Structures are given as C-alpha cells and as structure tokens.
Protein chains: 2
Amino acid sequence: MYAGGRAVKGTTNDREHPPAGKRDVGELRPDGMGEAITACAGGVTAPKGFLAAGIHCGVKKEKDDLCLLVSDPPATAAAVVTTNVVKAAPIVVVKEQLARSTSIRAIVVNSGNANACTGDRGMRDAWTMVRAAASAVGADESEVLVASTGVIGQFLPIETIEAGIPAAARQLSPTGGTAAARAIMTTDTFVKECAVKVTIGGVPVVVGGMAKGSGMIAPNMATMLGFVTTDADLSPALLHSALVKGTEHSFHRISVDGDTSTNDMVAVLANGTSGAGLLSDASDPGYALFCDALECVLLQLAHMIVRDGEGATKFVEIAVAGGATEEEAVTAARSIAGSSLVKTAIHGEDANWGRVLAAIGYSGIEFDPARVEICFGHVPVLRAGYVIDFSEEEAKKVLSRKDIRISVHLHRGGHNASFWTCDLSKQYVDINANYRT
Amino acid sequence: MYAGGRAVKGTTNDREHPPAGKRDVGELRPDGMGEAITACAGGVTAPKGFLAAGIHCGVKKEKDDLCLLVSDPPATAAAVVTTNVVKAAPIVVVKEQLARSTSIRAIVVNSGNANACTGDRGMRDAWTMVRAAASAVGADESEVLVASTGVIGQFLPIETIEAGIPAAARQLSPTGGTAAARAIMTTDTFVKECAVKVTIGGVPVVVGGMAKGSGMIAPNMATMLGFVTTDADLSPALLHSALVKGTEHSFHRISVDGDTSTNDMVAVLANGTSGAGLLSDASDPGYALFCDALECVLLQLAHMIVRDGEGATKFVEIAVAGGATEEEAVTAARSIAGSSLVKTAIHGEDANWGRVLAAIGYSGIEFDPARVEICFGHVPVLRAGYVIDFSEEEAKKVLSRKDIRISVHLHRGGHNASFWTCDLSKQYVDINANYRT
C-alpha cells in the first residue's frame, strides 16, 4: 500500500487508524519488505553494551539538560552533520574527532544552549565538554563526541556543564535510554526513541535510537539531533555508507519550516557486542539487512520529529510517483512539502489541489501539468487532463484525519519518493514569535 | 541612507516615520538619485492616451471583477510572465499574442477566477475574452492582451464575462485608472496604483501603473499582476529590456510566502503620445531616465504588494552589503526574507540575529560567518567575530515599528542588494487555512 516503507512486525501498521496522541511510533508500513525486522522496546540502550544517563545540571531552569551515552567496548562511529555554512562549535569538534579516529566510547550532549555562533570561546567550551566526559567515563579525549542544542549565540554555562558531567556519569545505566532521550529535548513535546531487532547470520542484532527536534526542521538537517546505537559490528566505511544512505531516505526527507539549523547531527555507534560477525563488505547480505534496520530506526525518529513539529496538528506524507528519476520525484515532493499555502490548506482541511500543482510547477522540474494526477488519501482530486470530479465531502473526511497522504503521479517514469511534513498552524507562529515570553 | 533606491520629489521619504495605514506610497527614498523623477497622481490613466474602466460583471458576488485598459493610439507592449511550469491559459495567450505582434490596444482582466489548470476549455475561454474585448473597443484580435486572477481550477463563467466586456467598454474613461485598479483586486485590502513624471529631451513623460497581489507572492512572480502605461515612445526591444531589468530589481525581489503562482504577469504599454522622441538606442540618455522612472513605478507597486501581504503587520527590507557579486547579495537576502523563523521572530518583535545568520548559512553562498555584521534598524546586533553587545531595549524599539530594515554586511566584496518581505503572522494562517469560509 505504501511505497518505499519498511515493514516491522508487532507494531501498528494501519495508517488509516493511527493510535491517538503524539506518541505514535512513526510510520511502520505493511508493504511486505524487511520481514526480518521486528520492533523492540527502548531506545539507545536497547542494544547490548550501551549505558546512558540524562540529568538536570542547570543549563535549563528545571528540565533535564545533560545526556551521556557510553559504549562498552568502544564503538565504531559515523556521523552526518548540518550542511549550513554556519556550523556550531560542537559540529566542528565532531568533524575533527571523526577525521582522526572512528573509535568512540562516549557522546556528551547538552540541551538548552546550542553553543552556536560563539567564536573561539565556543570552540574552547566544546573541547572542555569532550575532556570532562572523557575523564568522567575513563576514556581518551579522542574517543568522545559532543553535541549541543538550544539557544543560539550565547556562551555555554561551561562550569555548570563541567560539574554536571561526572554527576551524569554516576547515573549511567543500561536502562538509561529514555532518560537520555528526555535530556536532549528542547521545544519537543514528547520523548523520541525507538529500537528494532534484525537477525544477521543467525545472530540477533539490535538497532536503537533517540532524536530531538521540532522547529528549524528542513530537508538538510535541522536543530535536529539523532543518535543511533547498535550491537552490530561494521567497518567504519560501511557504517558511514549505511548512515549516509539511511539519512538520505529519512531525515533528509522531512521538513517542518524549511529552516536548516547550525547544529544538526545524526551519529551512529556500532560496538559489535551482539556477536554477529564483522560486516565489512557491501555485498554481504547481512549488510543489506543492517541498512534496512538502520533506515527503519532513522525513519521512525524522523517521523516522530515531524509529528512533533512546532504547532503541528497533522502528519502529512507527500508521495510522488512516476518521476523520470528519483531525484525528480524528491524535488517535486520537497517543493509541495515546503509550500506554506499547501500547509495552511491542509491545516484548514481544504482539498486545494491547485496549490499542490503550483508547487510542483515552481519546483524546478520539467513536466506536463495536463498529465498530473493528485489524490488526497484515496480520493482522486485531479485526474489527467485537468479532470476535476470528486466529492468535496469525501476529501474533507480524508483531510479531517491526523494522518494525511497526498499522492501525486507525474507520469514521466518509474521513480517514486516520499517526503514528510506537517501542517502550518497559528500555533507555529505563536511558538516562534513569542518563544521568549 | 538607503542603497539602491530612487528618489522621488514631493513624496514622503522618511522611513523612520512612515505615514499611517497600509496605503503608504511604497518606498520613495532620499538617496539623491533620479532627481528628474517626480511623483504624480493616479495610475494607469495618468499618462496621455490611456482609458480604463473597472466594473462588476458577476464573477464575484458583489465586488468589481472586470477591468479594461485601452491605449489610443495602439501602444508598443512588453510582458514578463510567471516562471511556473504550470501556466494559466491567459498567460499562454499573452505569450502567443506578443510573439506575433507587440502592437497592443487593449488589456482585459477579470478577477475572482484565475482560469488556471482548466485545459482546453480554459484556452478557449481566454481567447473568447480577447475577441470580446477586441470587438468592444474596435481593435483587431491581435491587439488585445488578457489576464485572470483568483481561484484556480475552475472554469470561467465566460458568458458573464463576455456580457460584461461591452459594459466595461462603455465606462472607459481617461480618469478610470483607480476603478481599473480596484477591479483587479482579489484578497488585496487596498488599491495599488502610482505614477511618476520624468522629462526626456525636454518633454514631460509619465509612467503609471497598477498591481494586485497579496498571497502566493514569491521572488519569481506570484498571483501578482502589474500593468504599467506610459506615453513615452520606445522600440519593442528596448521596452522589453527596460521591463526585464525593472522587474528584476522590484517584483523579483519581494516575497510574502514563497509560493510562485501560475498567473503572474507584468505588462507595459508605451503609446508615444507624450511627443518625446522614439527611444530605440540603449545608449540614449533618455532611455536611462525612462528605465529609472519605470523601475520607480515597479518598485512602488512591488512594495505595496508586500505591505498588503496576507496577514502582514510589518514591512521589512533585507539589505545585504559586501557581497562578492550582486547575485550573492541577492541570494543571501532572499534566503533571509524567506525564512519562516526570521519572519515569525520579526512578528514577535524579537532581535533574533541567530536566525538571520543561519538563513544566510543555508542560502548556498560561501562566506565566513565570523566576519558577518547584522543590524536591526540602526542597532548593530552582531559584530564581526561574533561580538554581541547591544541594548535589547533599543532593538525592541526598532522592531516595534511598522517599517523595519535588517542590514547585513558579508565583507566579501562591494556588491549590495535589497529584498523586501513582511512578517509571518497568525492571520496569514487564518487567511490561507480558512479562505473558503
């Protein structure tokens, strides 16, 4: 029914009847792919050999603001970071660390302050966090990654964080995943974590993850942090490839407001404790399974971010079929997902296919508008040749749901792509206009 | 004080104290340029030899919805149309007409229905409007242009419009400019027209214009119509060049919501009745004067559209200096102007320079963030080297005004560009989510 998805056994898979509330477990879809993948409880501490903690150290007034994630033994790491030219200090530090060595034992994250646009002092503070975490968990400085999220342009209260890191280390626990996920939240309204299991070479392997983000979300990373752990064993090159491919199909295909942040990062740690053999060859069938499991976790986390989009009341999939290339399908889908007019129409539950067609029209792709077909849910609102003949009532019923799928057929080729976004509500304006008060 | 503007004598020119209300006459700026240009009353009928009418024919329930603009004698015409791949029928007709002949006697425009995405019948209806207007004013079919604006995807009530055109022709008047400007409005809240006078070769020449548009406004044309008239005399090639250059610096540098419409058009008619000689050589000093006057009118109309942006409460100039090229400065300015986070911060009157810097960061240009300077009005909020030391109170005072200027210095070269936008308010969401109710 839904192209491009991953099936996960034992999870909700009926789009038409999503569980209530914002805590829905993303999109787990019944298309028969990835039969080997099953959902499991927890997040970053679901795989073996990971400890985590989340505490309040004092960056924020009351809420938890410091997270520590530790792999024992050291893990192979890979990361994808923001494409914004303005890169926050921790992003620069992570790039430097991974360029030297991909063997990582800990990740330290603070929320409440992004340590962005803070010049030399920001760099010093990011390194201070690395050293403090290394010392607290008994690792080498080269074995620690760092991330920050929150307000831009203010110096970190670095003494507060330095004092907090040993306290967090004392709380490290193999069941600390949820506390860790809570401590990286900023404007998020719910904890974002998930985990899946896949059997590789007869051995069960777990991939778990947590993420934060709800504003400043755009296709190429955002104030969006994602951390994935696994007890699989991969070579650094293969782990990096898997992460790049996985983010391309997940975090790079969501948008809330189209603003790309300075602090985005998705990192993955693979510590090999599952006992499944080392994956170092891309043609190994176990690698394909791992990629599927990783993408499943990344996609679930990405969808949770969209569901938690600032002011969002609806979760919207834009599914474009019939592109001459996948890139073309993605470009059209991204343009629709980014249109304020489409997003407000969805908020108003109005079947305005004209705004959808216009957004494809200015996306930059070449196509024949007279061949385009558009459906809202199962209701065809525009048929080829500009034939418009649908029940407004039926379309309204589709749009009154919390989960909406807009599908477009370009009739140019066989390539498909989905993109996920949310509606644009007055609450988005409220949150972002009055965020200081 | 303001780079890139055109001075106009006899008009309000103090940005810090704009006249109250939305009817401000755009931006007429005191930088000493274009001394020869003076403002005058009226719009499209301000130049000699133009008649116009605006009536209610029945596309809309009550408001005026049909406009006729006639030049006597026939004028030389040029037009710039939407870049959207999805082009409404009247846009296709205008392109075909001007490809055959640039001698034009009339423009017929209806509001209330855009005749977009309407297939073969839409094309037939657009040609029917052309023929009806030609017949009503005694012109050849080849001498008429047509435009439509309003709802997308519905067939025109063509009999109603056909019946209305002769009625509009009977109302044609040399003082009909304002009625015409009113009849092309859709969600506009005020009439948009202006005119200027310039002396070319000792002979006074007038350029007048009207425009409509407030939603779906993006850099490359929008549901935005602009019609400019002049009694200057220009060769078709020179008139076209002047229009392309003028729109590049005006309509292509504004955005409200970033959505590019299917119906955008700016057309200019030059009928030569001023008695000033024919301009057919780009090196003629009279041509430069004409270009300045035309750009002045286009810029005023463009600014009126931004001021009337759906839900807009503030008019914002993004002035980027120090670009390595003009294109670079435009790219940075456009990115800032398009950021929902910047626009909501301005709505909330918050001096969030971080969002401005982040928007430059993802604009696609290369630059050193540590060298960037940002001012809100006269208040430097970010100095080079990430030095942040400003009075929040003073910044708040600037942001509490209706007219706000954000200036950015990239320190990469000597090229500057301005871009104009408005804030993003809850009312924008209201207008576009609930536009049918």
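The values are calculated or read from the model by the stated rules, or taken from the named source; none is laboratory data. Everything quoted here is computed from the prediction, not taken from an experiment. Backbone-built Cβ (ideal geometry, glycine too); neighbour counts: all protein chains shown.
Collect the residues in region B:144-203 that are small (Gly, Ala, Ser) and either part of a strand (DSSP E or B) or over 24 Å from B:Ala46 (Cα atoms) (or both), keeping them in residue-number order.
Listed by number, the residues that qualify are B:Ala147, B:Ser148, B:Gly150, B:Gly153, B:Ala163, B:Gly164, B:Ser173, B:Ala195.
Taking region A:340-367, which residues are assigned to a loop (DSSP other than H, G, I, E, B), over 19 Å from A:Ala321 (Cα atoms) and within 7 Å of chain B (Cβ to nearest Cβ)?
A:Gly348, A:Asp350
Conditions: (1) touching a strand residue (DSSP E or B) at 6+ places or on another chain (Cβ under 7 Å); (2) more than 9 Å from every other protein chain (Cβ to nearest Cβ); (3) of a type outside the set (Val, Ile, Thr). B:Ser335 meets all but one. Number of the miss?
(1)
Give B:Ala168, B:Ala78, B:Ala133, B:Ala126 a once-over and let me know the one that is at pLDDT 95 or above, surrounded by 16 or more Cβ atoms within 10 Å (Cβ to Cβ), within 30 Å of A:Ala359 (Cβ to Cβ) and in contact with a Leu (Cβ under 7 Å, 6 or more places away or on another chain).
B:Ala78
For B:Asp430, are the conditions met, namely being farther than 30 Å from B:Val151 by Cα, of a type in the set (Asp, Glu) and either more than 9 Å from chain A (Cβ to nearest Cβ) or surrounded by fewer than 23 Cβ atoms within 10 Å (Cβ to Cβ) (or both)?
So B:Asp430 does not fit the description; no.
Could you say which residue among A:Ser274, A:Ser283, A:Ser335, A:Ser340 is in the same structural domain as A:Val108 (by TED's automatic domain parsing) and either aliphatic (A, V, I, L, M) or out of contact with any Lys or Arg (no Cβ under 7 Å at 6 or more places or on another chain) (or both)?
Selected residue: A:Ser283, the only one of A:Ser274, A:Ser283, A:Ser335, A:Ser340 that is in the same structural domain as A:Val108 (by TED's automatic domain parsing) and either aliphatic (A, V, I, L, M) or out of contact with any Lys or Arg (no Cβ under 7 Å at 6 or more places or on another chain) (or both).
Restricting to region B:112-123, count the residues that are modelled with pLDDT of 95 or more and either away from chain A (no Cβ under 12 Å) or in a loop (DSSP other than H, G, I, E, B) (or both).
0
Which of (1) surrounded by 22 or more Cβ atoms within 10 Å (Cβ to Cβ); (2) under 16 Å from the mean Cα position of the chain (by Cα) does A:Ala232 not meet, given it meets every other one?
(2)
Under the condition of being away from chain B (no Cβ under 13 Å) and not hydrophobic (A, V, I, L, M, F, W, C), which residue from region A:368-397 is surrounded by the fewest Cβ atoms within 10 Å (Cβ to Cβ)?
Ranking the candidates gives A:Glu393 first.
Mind listing just one residue for me: the one in region B:144-165 that is in contact (Cβ under 8 Å) with a residue 40 or more places away in the chain and touching a Gly at 6+ places or on another chain (Cβ under 6 Å) and, of those, surrounded by the most Cβ atoms within 10 Å (Cβ to Cβ)?
B:Ile152
A quick yes/no check of all residues on (1) free of Cβ contacts under 8 Å to residues at least 12 places away in the same chain; (2) under 24 Å from A:Phe50 (Cβ atoms); (3) aliphatic (A, V, I, L, M); (4) touching a Ser or Thr at 6+ places or on another chain (Cβ under 7 Å):
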{"position": "A:Phe227", "(1), (2), (3), (4)": "no, yes, no, no"}
{"position": "A:Ala232", "(1), (2), (3), (4)": "no, yes, yes, yes"}
{"position": "A:Leu239", "(1), (2), (3), (4)": "no, yes, yes, yes"}
{"position": "A:Lys314", "(1), (2), (3), (4)": "no, no, no, no"}
{"position": "A:Ala319", "(1), (2), (3), (4)": "no, no, yes, yes"}
{"position": "A:Ala332", "(1), (2), (3), (4)": "no, no, yes, yes"}
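Of all residues in region A:114-127, count the ones that are among the polar types (S, T, N, Q) and over 12 Å from A:Ala147 (Cα atoms).
1
Within region B:86-107, which residues are farther than 25 Å from A:Trp353 by Cβ and either surrounded by fewer than 24 Cβ atoms within 10 Å (Cβ to Cβ) or in contact (Cβ under 8 Å) with a residue 60 or more places away in the chain (or both)?
Scanning region B:86-107 gives B:Glu96, B:Gln97, B:Leu98, B:Ala99, B:Arg100, B:Ser101, B:Thr102, B:Ser103, B:Ile104, B:Ile107.
Mind listing whichever residues of region A:398-427 are touching a helix residue (DSSP H, G or I) at 6+ places or on another chain (Cβ under 9 Å), of a type in the set (Gly, Ala, Ser) and buried (at least 17 other Cβ atoms within 10 Å of the Cβ)?
A:Ala417, A:Ser418, A:Ser425
If you check B:Ser261, B:Ser241, B:Ser250, B:Ser274, which single one turns out to be farther than 28 Å from B:Gly338 by Cα and either at pLDDT 95 or above or surrounded by 23 or more Cβ atoms within 10 Å (Cβ to Cβ) (or both)?
That would be B:Ser274, the only listed residue that is farther than 28 Å from B:Gly338 by Cα and either at pLDDT 95 or above or surrounded by 23 or more Cβ atoms within 10 Å (Cβ to Cβ) (or both).
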